[in-house]
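See structure below.
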Amino acid sequence: MPALYVLSVPEFQPLIDYAEAAADLTVTHLGDYRKIEAAGEITIRRAATGLGQAVWFGALVGGIEGEILEFNEKRLMIGPNMT
Amino acid sequence: MTDMPMPALSGVHHTAFATWKPKETVEFYRDILGLKPIHAVTAKGWGRDSHPDFVHFFFAAGAGSAIAFFYYIGTEPMAEPAGPRGYLGMARHTAWTVETEAELDAWAARLQSKGVKVSEAIQHEVIRSLYFRDPNGYPLEISLTTRTPDARDEADAALTIQAMIETFADGPGSQGKTIEDMWRRKGELVDR
């Protein structure tokens, strides 16, 4: 299952808030991180999170599980591992 | 064998750069950035025949540190002392700190009023920054800390650095590894 690990700090909180409210995403606590998962693909539009570009492009620092299908200023998509 | 105690480093004393524009450099750092010249060294050579005569001048950069320049008299100017334009030329830069949003805004206004091309304020994770260049092309930054990094950030940075080192070898090649590989390794470190 694809996952995005997000450090729970104020600047990434809008991303965590978005994921907690999104019907297709689940968020679990993992120490200082939040693990965002989806059954199929994780799809997050930057506009829906309200993150500025510099923070958005740094938002994967917590790590991932799976394959990045798309990551640009508009959208992040992470799919399951292909191997 | 006993380990020697770790000696302390207590701040940046100065950093130094070459310049072939001594007048413009002084006018920029002293008159636009308001940094006081505090020391100057002049020397005829430095022991070796090939060493040019020079003026080495220092500006107080705040909090006890200084920024300094070498003007190597009679030498051919480097075409791009800061390095090539683009990300490589931005890597080695100097960032000052300010304490309030109002000061950051005031710097943006001052630089613009003095004809210095300055970026919009960019919000990063823990700092908000203005970017501009000095007359030599050296990239400069003024930053406001918007959140002081804490133990969470320190622990996270340690894992990122571990993932980086485990993913990439030193040197020009990265053995086909990508940042995605590094992020996957980081995810494993976070989730174990």
_Can you give me the long-range amide H partners of A:Leu69? Hydrogens built in the peptide plane at 1.01 Å from N, cutoff under 5 Å, separation of 5 or more residues or another chain._
A:Met77, A:Ile78, A:Gly79
_If each DSSP helix of 4+ residues adds -39,500 (n - 2.57) and the sum is divided by the residues in the protein assembly as shown, what number results at 222 nm, nearest 500 deg cm²/dmol?_
-7000 deg cm²/dmol
_Buried by at least 40 Å² relative to the chain on its own: which residues of the stretch B:135-164 qualify, computing accessible area with a 1.4 Å probe on protein heavy atoms?_
B:Arg147, B:Arg152, B:Asp156
*Hits among aspartates and glutamates - C-alpha to C-alpha of B:Lys177 under 15 Å, sequence gap 8 or more where chains match*: A:Glu67, B:Glu166
*How high is the FRET efficiency between B:Lys114 and A:Met82 when r is their beta carbon distance and R₀ equals 51 Å, given to the nearest 0.05?*
0.40
*Pairing the Cα long axis of helix B:151-167 with the longest principal axis of chain B, what angle in degrees results, from 0 to 90 and rounded to the nearest 10?*
80
*Pop out the carbon and sulfur fraction of the accessible area of the stretch B:78-148 as a percent, whole number, probe 1.4 Å.*
56
*In chain B, what percentage of the DSSP-assigned beta bridges are antiparallel, given to the nearest 5?*
70
*Cβ charges +1 (Lys, Arg) and -1 (Asp, Glu), total dipole of the protein assembly as shown, debye*: 880
*asked:* Shape verdict for the stretch B:78-148, please, from the Cα gyration tensor: rounded (a/c under 1.5), prolate (a/b greater than b/c) or oblate.
replied: oblate
*Between B:Thr15 and B:Ile165, what is the label-to-label distance in nm when each label sits 7 Å out along the Cα-to-Cβ direction?*
2.4
*What angle do you read, to the nearest 10 degrees and between 0 and 90, between the alpha-carbon axis of helix B:179-190 and the longest principal axis of chain B?*
60
_Nearest 10 degrees, 0 to 90: helix B:101-113 Cα axis against chain B principal axis_ = 40
*Please list, or write none, the lysines whose alpha carbon is within less than 21 Å of the alpha carbon of B:Lys23, excluding same-chain residues fewer than 8 places away.*
B:Lys36, B:Lys44, B:Lys114, B:Lys117
*asked:* Using each residue's phi in the stretch B:122-134, evaluate 6.51 cos²θ - 1.76 cosθ + 1.60 at θ = phi - 60° and report the 3J(HN,Hα) Karplus result to the nearest Hz, with x for Gly and Pro.
replied: 9, 8, 9, 4, 10, 9, 10, 10, 9, 10, 7, 10, 8
*Quick one: grab the alpha carbon gyration tensor of chain A, order the square roots of its eigenvalues as a ≥ b ≥ c, and give me rounded if a/c is under 1.5, else prolate or oblate depending on whether a/b is larger than b/c.*
rounded
*With a cut-off of 16 Å, note down the residues of the stretch A:49-83 whose backbone N falls inside the zone around a label point 7 Å from the Cα of B:Asp181 toward its beta carbon.*
A:64, A:66-68, A:82-83
*Average accessible area per residue (Å²) across chain B - probe 1.4 Å, nucleic acids and ligands excluded*: 64
*Kindly write out, for the stretch A:45-54 in residue order, the coupling ³J(HN,Hα) from the Karplus curve 6.51 cos²θ - 1.76 cosθ + 1.60 (θ = phi - 60°), rounded to whole Hz, with x marking Gly and Pro.*
8, 4, 4, 6, 8, x, 6, x, 4, 5
*asked:* Report the Cα centroid-to-centroid distance between the stretch A:54-83 and the stretch B:73-140 in angstrom, as an integer.
replied: 30
_Could you tell me the relative contact order of chain B? Use alpha-carbon pairs under 8 Å, at least six residues apart, and round to a whole percent._
16
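The values are calculated or read from the model by the stated rules, or taken from the named source; none is laboratory data. Please read all numbers here as calculations on a predicted model, not as lab measurements. Glycine also receives a Cβ, built like all others from the backbone with ideal geometry; neighbour counts cover every protein chain displayed. All accessible areas refer to the heavy atoms of the entire protein, side chains included, with ligands and DNA or RNA removed. Shrake-Rupley method; radii C 1.70, N 1.55, O 1.52, S 1.80 Å.
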